[in-house]
1. If amide hydrogens are placed 1.01 Å from N in the peptide plane, which non-local residues have theirs closer than 5 Å to the one on I80?
2. Over 30 Å between Cα atoms, which of K76/K136; K136/K156; K46/K101; K46/K113; K38/K76; K50/K113 qualify?
3. Give the ranking of M108, M155 by solvent-accessible surface, highest area first, calculated with a 1.4 Å probe.
4. Please report Rg (one decimal) and Dmax (integer) in Å for the Cα set of the stretch 22-155.
5. Considering amide H positions built from the backbone, and no H for Pro or chain starts, which residues 5 or more places from C64, or on another chain, come under 5 Å of its amide H?
6. Over the stretch 18-60, with a single point scatterer placed on each C-alpha, what log10 of the ratio I(q)/I(0) does the Debye formula yield at q = 0.19, 0.25, 0.35 1/Å?
7. How much net charge surrounds K101 when only the other residues with a Cβ under 15 Å from the Cβ of K101 are counted, with Lys and Arg +1 and Asp and Glu -1?
8. Taking 0.36 nm per intervening residue step and subtracting the Cα-Cα distance, what contour gain separates R42 from C17 on full extension?
Amino acid sequence: MEQKISNSFYAQGQTECIQMLSVQPDNKPKGCAGCNRKIKDRYLLKALDKYWHEDCLKCACCDCRLGEVGSTLYTKANLILCRRDYLRLFGVTGNCAACSKLIPAFEMVMRAKDNVYHLDCFACQLCNQRFCVGDKFFLKNNMILCQTDYEEGLMKEGYAPQVLNANLLKP
């Protein structure tokens with residue numbers, strides 16, 4: 001059975017899209033959810049089913065303008081946050097299955113079954129070959145193995161191929 005492996009952040013959150021819209025001159029001005037004033041600017045933001053001035057849609061922690069940072073924002077506990085602050089406040093940290101060191105919540109990781117890895121640790125644990133998208137790898141006793149080391153182990157130790165699942169890295 002193949003398993004889909006992909007990059008992700010260690011903690012996942014509730015995300016909302018931010019849309020930048022051009023104000024049409026024939027439309028009546030919309031009210032800003034941040035300051036409650038009419039939006040008369042050329043552009044406005046739409047997020048959380050509300051309209052915002054570009055300067056009013058900000059992270060509750062660091063005050064960065066969310067329309068500039070990216071096209072998503074995070075919400076939790078009635079706070080509007082940028083990704084970094086969301087992960088800093090609510091993210092879950094854990095340990096890398098290969099090196100056992102801490103993985104901060106905001107760091108990109110690789111996942112294989114229930115295991116989580118630093119990007120640099122996601123390699124064959126016998127020969128240290130790094131994997132690229134499309135490469136096959138195998139898990140044996142929670143060890144990541146490249147195809148060569150897995151097949152050599154089959155011949156030396158005689159473990160049955162049906163015990164392990166070939167996995168394919170996918171984008």
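The values are calculated or read from the model by the stated rules, or taken from the named source; none is laboratory data. Because the structure is predicted, anything quoted here is derived from the model rather than measured. Counting neighbours? That spans all protein chains shown, and the Cβs are built from the backbone with ideal geometry, glycine included. Note: accessible area is taken over every heavy atom of the protein model, side chains too, but ligands, DNA and RNA are not part of it. Shrake-Rupley method; radii C 1.70, N 1.55, O 1.52, S 1.80 Å.
1. The answer is A60.
2. K76/K136; K46/K101; K46/K113; K50/K113
3. The residues order as M155, M108, largest area first.
4. That works out to 22.9, 75 Å for Rg and Dmax.
5. Those lying under 5 Å, H to H, from C64 are C59.
6. Taking Cα atoms of the stretch 18-60 as identical point scatterers yields -0.47, -0.82, -1.46.
7. Once positives and negatives cancel, what remains is -2.
8. Length gained, R42 through C17: 7.0 nm.
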